[in-house]
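The values are calculated or read from the model by the stated rules, or taken from the named source; none is laboratory data. Since this is a predicted model, take the numbers as computed values, not measurements. Here the Cβ positions follow ideal geometry from the backbone for every residue, glycine too, while neighbour counts run over all protein chains shown. For the accessible areas, the whole protein counts, side chains as well, though only heavy atoms, and no ligand, DNA or RNA atoms are used. Shrake-Rupley method; radii C 1.70, N 1.55, O 1.52, S 1.80 Å.
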Amino acid sequence: MRVAIPEYRGRVAPVFDSCQRIVLYDVTDGRYTAVGAADLASFTTAMRVGILRAYGVSTLLCGAVSDLAQRALNATGIEVHGFLCGDVSLLIRAYGTGEFNSSDFNMPGCKTL
């Protein structure tokens, strides 16, 4: 499965809808491999969703996400775990090894989707 994480300076970007960059990982059998990154700086929400689909993303681990983006992502089959924060490398490690507990990465004052 391919996982995308909006990233800013090594941490989960606070808002998917306005993030500048996403990092992509392939997760298989408890292993994760970085496969690249994409610049999203000048793209609308619809374009962002299309880019994630074009990259074959099945799961988005992100910070805040608008209702519009959430619905569009879900409509295209992308599973969203939103309102997360923290170090990207720790998050993908936890997710990749099956030790992912979203409450360990919740944004302060938020619950995950």
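Quick look at the values:
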quantity: Residue match in region 50-66 (condition: open to solvent by 70 Å² or more (accessible area, probe 1.4 Å) and of a type in the set (A, V, I, L, M, F, W, C)); calculated: yes
quantity: Selected residue (only one of LEU24, LEU52, LEU68 is in a helix (DSSP H, G or I) and under 13 Å from the mean Cα position of the chain (by Cα)); calculated: LEU52
quantity: Qualifying residue in region 85-96 (condition: aromatic (Phe, Trp, Tyr), farther than 20 Å from ARG21 by Cα and either part of a helix (DSSP H, G or I) or open to solvent by 30 Å² or more (accessible area, probe 1.4 Å) (or both)); calculated: no
quantity: Positions within region 1-42 being exposed (fewer than 15 other Cβ atoms within 10 Å of the Cβ), at pLDDT 95 or above and touching a helix residue (DSSP H, G or I) at 6+ places or on another chain (Cβ under 7 Å), in sequence order; calculated: GLY10
quantity: Selected residue (criterion: surrounded by the fewest Cβ atoms within 10 Å (Cβ to Cβ)) from residues of region 71-84 that are in a loop (DSSP other than H, G, I, E, B) and not small (Gly, Ala, Ser); calculated: THR76
quantity: Residue pairs meeting the criteria (Cβ under 8 Å; at least 6 apart or on separate chains; first in contact (Cβ under 8 Å) with a residue 24 or more places away in the chain, in region 82-99; second crowded, with 20+ Cβ neighbours inside 10 Å and among the hydroxyl-bearing types (Ser, Thr, Tyr)); calculated: ILE92/TYR25; GLY96/TYR25
